[in-house]
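Values in this text are rule-based calculations from the coordinates and carry no lab data. Small disclaimer: the values here were computed from a predicted structure and weren't measured. Reconstructed Cβ throughout: ideal geometry from the backbone, glycine too, with neighbour counts over all protein chains shown.
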Amino acid sequence: MRAPLATSPDWRALYEAALRENDPSRVRDRITAARTAIFDTVEDTLKISSPSNQRAMNDALRKLKRLEHTGSSREAA
C-alpha cells in the first residue's frame, strides 16, 4: 500500500538523487525508488495531472532507464 499523494515522497527529489548517486552499489535502489514514486504519482494524478507534469515524468522515466543500463554496464566492467 502506498502513501497518499500529499505524503508520498516527491518523485523529483528521488529522481535527482538517482542521477547524482555516485556509488554503483546504490544506483539500482535509487532508480527503483524514483520509478516507484513516479508511477505512484501517475496513478494518483492520472485525471488531474497537467500535460507538462506528465511530460516531465515521462522524461524522467526514460533517463532512469538509460541510467540503469549504463549503471549495469559499469558494474559488469
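Couple of notes before you dig in:
- Relative contact order (percent, whole number), region 11-76, Cα cutoff 8 Å, 6+ residue spacing: 41
- Full extension of the chain between Ser25 and Ala56 gives 8.5 nm of extra length, using 0.36 nm per residue less the Cα-Cα distance.
- The calculated FRET efficiency for His69 paired with Lys47, based on their beta-carbon distance and R0 = 22 Å, is about 0.10.
- About the Cα centre, charge dipole magnitude for region 11-76 (Lys/Arg +1, Asp/Glu -1 at Cβ), debye: 240
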